Amino acid sequence: MAKAAPPAPDETVPVSRLDRMPYLGVLTYPSPDLAEARSRIEQLTRLGIREVTFGGRTRIGRLGLVGIGTVGVVVRGTTAAGEVCAVKIRRTDANRGSMAEEFRLTRLANRVMIGAPAYGATKDAMSMRYLKGVELEDYVKAASGRGTAARVRRLAHLLLNQCRKLDLIGLDHGELSNLRKHVIVEGETPWMIDFESASQRRAPRNVTTAAQYLFVGSSASSRIRRVLSIGGTGEIIVALRRYKGDASDESYVRFLGTFGVKT
Ligand SMILES: Nc1ncnc2c1ncn2[C@@H]1O[C@H](COP(=O)(O)OP(=O)(O)O)[C@@H](O)[C@H]1O
Ligand SMILES: [Mg+2]
């Protein structure tokens, strides 16, 4: 089973050798399958990946991973040119048969400079930029001292601007109610990840959903409100309701004002 544990020592393995245990157990998680693994080795090779490095806080057995979700396990890959990327490998028990749609939707977001840039995909794998960062909540918790409010406000503003852009292009991320799992903060820049539940067929609710998490009801929101000296949620909720009603620039700007962004 996958579980969080102290970081395992990094282990780098050529892609061609992933057909043996324990690597096979990650490549075809959750049930080792040799025929499937061989197909996946070929797919990773097609994506230009030469080596995979197992390392990170998530673990399957003794092997570390970058992360794991219900659709994929994510590891670090290296190309022949030595470039590092993140590789999302479809779980064999995922509720979707291919990475194609996630790749398409990620690329759509990438066109407006949002989401970890996706490089390529096959049926069972997608390569993208490896983000070396922290979860939003950890960023907020770690922020202290002089300039904290300005940094947290700026981060929220950057993230909400990304949400606004996605709202405008009609792409609903679909999982921003749990921002903790879907944003990685690299330096001072938030990056959205995981467009596997995204859709162009729903009314987009990126701004309202992310704002709800940031300011109203999540494990991080009371701290964020305190840091930004936001007295209560009333004004924010009214502004969000208005934004939800007309999705206009004016409503968006007015909402930004509720957490101190001057435009
Ligand atoms: N590009 C990336 N860079 C760094 N870490 C990533 C990247 N993409 C995903 N991760 C990590 O892997 C985890 C699982 O990826 P995710 O895309 O959310 O999978 P799922 O669709 O199965 O939920 C994430 O929570 C995150 O920790
Ligand atoms: Mg996920």
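Readers should treat all values here as calculations from the given coordinates under stated rules, not as data from a laboratory. Since the model is a prediction, treat every value here as computed from it, not as a measurement. Using ideal geometry, Cβ is built from the backbone for each residue, glycine included, and neighbour counts are taken over all protein chains shown.
Explain nothing, just the number: relative contact order of the chain, from Cα pairs under 8 Å at least 6 residues apart, as a whole percent. Relative contact order comes out at 13 percent. Note on Ile169, Ile49: ascending count of other Cβ atoms within 10 Å places them as Ile169, Ile49, the fewest first. With the simple spin-label model, which puts each label point 7 Å out from Cα in the Cβ direction, the Leu34 to Asn161 separation comes to 5.4 nm. Using a cut-off of 20 Å between alpha-carbon atoms, which lysines can reach Lys88, once sequence neighbours fewer than 8 places away in the same chain are excluded? The reachable lysines, counting only those whose Cα sits under 20 Å from Lys88, are Lys3, Lys123, Lys132, Lys181. Local charge for Leu34 was computed over the other residues whose Cβ lies under 12 Å away, with Lys and Arg +1 and Asp and Glu -1, and equals 0. For Ile224, Ile236, Ile89, the sequence from fewest to most other C-beta atoms within 10 Å is Ile236, Ile224, Ile89. With a Förster radius of 30 Å applied to the beta-carbon distance between Ala80 and Lys181, the computed FRET efficiency rounds to 0.40.
Excluding same-chain neighbours fewer than eight residues apart, the lysines reachable from Lys262 by a Cα-Cα span under 20 Å are Lys165. For segment 129-230, applying the loop criterion from DSSP together with a ceiling of 11 other beta carbons within 10 Å to the GluC sites (Glu not before Pro) yields Glu188. Amide H contacts for Thr92 (H built 1.01 Å from N in the peptide plane; partners 5 or more residues away or on another chain; cut-off under 5 Å): Tyr29, Ser31.
What does the charge count near Glu135 come to, summing +1 for each Lys or Arg and -1 for each Asp or Glu among other residues with Cβ under 15 Å from its Cβ? Mind showing how you got there, number by number?
On the way: positive: Arg57, Lys132, Lys141, Arg180, Lys181, Arg223; negative: Glu137, Asp138, Glu175, Glu186, Glu188, Asp194.
Overall, the nearby charge balance is 0.
Close amide H contacts of Val66 (hydrogens built in the peptide plane, cut-off under 5 Å, sequence separation of 5 or more or a different chain): Gly55, Val74, Val75, Arg76. For segment 46-87, a simple Cβ point-charge model (Lys and Arg +1, Asp and Glu -1, everything else neutral) yields a dipole of about 140 debye relative to the Cα centre.
Shown in residue order for segment 253-263 are the 3J(HN,Hα) couplings computed by the Karplus curve 6.51 cos²θ - 1.76 cosθ + 1.60 at θ = phi - 60°: 5, 5, 4, 4, x, 5, 10, x, 7, 9, 10 Hz (x for Gly and Pro).
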